[in-house]
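Trainee: Provided herewith is a single structure, encoded as structure tokens, for subsequent inquiry.
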Amino acid sequence: MKLNLAYYSDPVLRKKSERIEGIDDELRKLVDDMIETMNAVDGIGLAAPQVHRSIRLFIACPPVQKPNGKWEPGRVRVYINPEILESSQEMQTFSEGCLSIPNFYMKVTRPYKIKIKACDLYGTIFEETLSGFPATNFMHEFDHLNGILIVDHYSEEERKSLEQLLRLEGSN
Ligand code: ZN
């Protein structure tokens, strides 16, 4: 079932999400629905708050480059109660979009490499190291669990002019 997305001014996007205490059928169903919702809009990541659920869960599928140079959608990964254990001093900048702020892209600078820990849908805790775009993809979704949106990576002044722009777009 496709879920309704929460958009920019929705308060659910600003809340710090709750830790997940157990994995049950309801959670598995939610993940299925989130994958369907993400695929329907060609997204590469979706966090639970974006579908009005304030819990620490997101899905991500950063594109992978095939040996022939073509980019293809990656495998969908599920991250429950994710944590960032280490992040590199080296930084990188990507133009990021967000399903909660449609048709809007912003350059965001983040660490190039991170070591993370999370739980999967089977309840297994795992660690992995991500670098390049998958690291940015992870941190973007991770931010959602703490009520942070891409615009928060800009100064207040820059954000104000952006908000004006977003309001204008929302009104037509
Ligand atoms: Zn987003």
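Trainee: If I ask for residues that are at pLDDT 95 or above, over 15 Å from TYR79 (Cβ atoms), within 16 Å of the ligand (Cβ to nearest atom) and charged (D, E, K, R), which ones from the range 13-67 would you list?
Mentor: ARG14, LYS15, LYS16
Trainee: Something else now. Is there a residue being within 16 Å of the ligand (Cβ to nearest atom), surrounded by fewer than 16 Cβ atoms within 10 Å (Cβ to Cβ), free of Cβ contacts under 8 Å to residues at least 24 places away in the same chain and in a strand (DSSP E or B) anywhere in the range 107-114?
Mentor: yes
Trainee: Same structure again: Among the residues of the range 126-144, write down those that are out of contact with any helix residue (DSSP H, G or I) (no Cβ under 7 Å at 6 or more places or on another chain) and among the hydrophobic types (A, V, I, L, M, F, W, C).
Mentor: PHE126, PHE133, ALA135, PHE138, MET139, PHE142
Trainee: Just one of the numbered conditions (1) within 23 Å of ARG28 (Cα to Cα); (2) modelled with pLDDT under 95; (3) of a type outside the set (S, T, N, Q); (4) over 15 Å from the mean Cα position of the chain (by Cα) is not true of ASP120; which one?
Mentor: Going through (1) within 23 Å of ARG28 (Cα to Cα); (2) modelled with pLDDT under 95; (3) of a type outside the set (S, T, N, Q); (4) over 15 Å from the mean Cα position of the chain (by Cα) one by one, ASP120 breaks only (2).
Trainee: How about the range 3-94: which strands (runs of 3 or more DSSP E) wholly inside it have at least 1 residues that are surrounded by 11 or more Cβ atoms within 10 Å (Cβ to Cβ) and β-branched (Val, Ile, Thr)?
Mentor: 57-60, 77-87
Trainee: Residue under question is LEU130, and the condition is that it be over 16 Å from LEU46 (Cα atoms), in contact with a strand residue (DSSP E or B) (Cβ under 9 Å, 6 or more places away or on another chain) and in a helix (DSSP H, G or I); does it hold?
Mentor: No; evaluated as a whole, the condition is false for this residue.
Trainee: On to the next question. Answer yes or no: is there a residue in the range 133-144 that is under 20 Å from LEU27 (Cβ atoms), surrounded by fewer than 20 Cβ atoms within 10 Å (Cβ to Cβ) and modelled with pLDDT of 95 or more.
Mentor: There is no residue in the range 133-144 that is under 20 Å from LEU27 (Cβ atoms), surrounded by fewer than 20 Cβ atoms within 10 Å (Cβ to Cβ) and modelled with pLDDT of 95 or more.
Trainee: Can I ask one more? Is it fair to say THR136 is within 16 Å of the ligand (Cβ to nearest atom) and polar (S, T, N, Q)?
Mentor: Judged against the criteria, THR136 is a match.
Trainee: Next up: Quick check on the range 60-75. Is at least one of its residues of a type in the set (Val, Ile, Thr) and in contact (Cβ under 8 Å) with a residue 24 or more places away in the chain?
Mentor: Scanning the range 60-75 turns up no residue that is of a type in the set (Val, Ile, Thr) and in contact (Cβ under 8 Å) with a residue 24 or more places away in the chain.
Trainee: A follow-up question, please. Taking the condition of being modelled with pLDDT of 95 or more and touching a Ser or Thr at 6+ places or on another chain (Cβ under 8 Å), how many residues in the range 1-12 meet it?
Mentor: The number of residues fulfilling the criteria is 7.
Trainee: Next question, about the same structure. Mind counting the residues in the range 118-127 that are free of Cβ contacts under 8 Å to residues at least 12 places away in the same chain, in a loop (DSSP other than H, G, I, E, B) and of a type outside the set (Val, Ile, Thr)?
Mentor: 0
Trainee: Give the number of residues within the range 140-162 that are within 16 Å of the ligand (Cβ to nearest atom) and either without any contact (Cβ under 8 Å) to a residue 40 or more places away in the chain or not in a loop (DSSP other than H, G, I, E, B) (or both).
Mentor: So the count comes out to 13.
Trainee: Output the residue which, of all residues in the range 124-133 that are over 16 Å from ASN81 (Cα atoms) and hydrophobic (A, V, I, L, M, F, W, C), is farthest from the ligand (Cβ to nearest atom).
Mentor: Within the range 124-133, the match that is farthest from the ligand (Cβ to nearest atom) is LEU130.
The values are calculated or read from the model by the stated rules, or taken from the named source; none is laboratory data. This structure is a prediction, so every number in the text was calculated from the model and none was measured. With ideal geometry, Cβ positions are generated from the backbone for all residues, glycine too; neighbour counts draw on all protein chains shown.
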